Amino acid sequence: MKLLALETSTEACSLAILDGTRVFSRFEIAPRGHAARILPWTEALLKEADIARHQLDAIATGCGPGAFTGVRLGISLAQGLALALNRPLIGVSTLATLAMRARAPEGAHVLAAIDARMRELYWCSYRIENGLPLALHEAQLGAPDSIMLPDVDEGWHAVGSGLAAQENALLQHLGSRIVDADATALPDARDMLQLARHLPASPPEYVEPVYLRDNVALTLTQQAALRQKKTL
């Protein structure tokens, strides 16, 4: 199988190509620099892999949640490529891709959390089955102290920028339930390749972004209310 995967939902910009057992990839932390990288990287990786565009079997893309502009960019670029090549598109949860970074053992439980700003996190909990994260519920948006994890016998492996948000508020809230944490972990298209191979492909126009939030910035009134809350 020849598969192209791209992930632009966070400050990390990543691209990967799978050709049988061979993987070619690019990864860079580049806030606001995704648009300038993805298409040149695509051409460079195809050349490196000695694959023509028309030889690709499918395109995979991160669907969010994450930064509004990054999610929209990734979906748009992937849809454009898939439509131009008449290939199916595979939408992959950014949180599931992030959960792969935990490198947790079989049967372990993983919490993936991304800083959503506005004092909230995008998050989801998973159980590792056959080496892949199985979501235990829908991805959610909420304040760190509102997150309730399913009861399990062992501790949780946690990954993502949400762990460091608001001075480690989530880690303080969950305490000893977290046995391993990596607040520097970011979603990587190389992990998306593994997930995409086990997900259904769709016509490009059927793949939609997952935002979880309708508004992407606080109003002046909301900002004032937040400042007042901090002073109480």
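In segment 193-210, of all residues being under 17 Å from the mean Cα position of the chain (by Cα) and closer than 17 Å to ALA135 by Cα, the one that is surrounded by the fewest Cβ atoms within 10 Å (Cβ to Cβ) corresponds to HIS198.
ARG190 falls short on exactly one of the conditions (1) open to solvent by 30 Å² or more (accessible area, probe 1.4 Å); (2) in a loop (DSSP other than H, G, I, E, B), and that condition is (2). Answer yes or no as to whether SER202 is in contact (Cβ under 8 Å) with a residue 60 or more places away in the chain and of a type in the set (S, T, N, Q). Yes; evaluated as a whole, the condition is true for this residue.
When the criteria are applied in full, ARG101 meets the requirement of being among the basic types (Lys, Arg), crowded, with 17+ Cβ neighbours inside 10 Å and closer than 30 Å to ASP151 by Cβ. For segment 24-48, taking the residues that are surrounded by 17 or more Cβ atoms within 10 Å (Cβ to Cβ) and of a type in the set (A, V, I, L, M), the one that is nearest to VAL210 (Cα to Cα) is identified as ILE38.
Based on this model, can you work out whether GLY70 counts as closer than 15 Å to VAL210 by Cα, assigned to a helix (DSSP H, G or I) and modelled with pLDDT of 95 or more? Yes: the conditions hold for GLY70.
Just one residue in the set LEU149, LEU174 is among the hydrophobic types (A, V, I, L, M, F, W, C) and either in contact with a strand residue (DSSP E or B) (Cβ under 6 Å, 6 or more places away or on another chain) or under 18 Å from PHE68 (Cβ atoms) (or both); that residue is LEU149.
The values are calculated or read from the model by the stated rules, or taken from the named source; none is laboratory data. What you see is a predicted model; the values in this text were computed from it and never measured. Reconstructed Cβ throughout: ideal geometry from the backbone, glycine too, with neighbour counts over all protein chains shown. All accessible areas refer to the heavy atoms of the entire protein, side chains included, with ligands and DNA or RNA removed. Shrake-Rupley method; radii C 1.70, N 1.55, O 1.52, S 1.80 Å.
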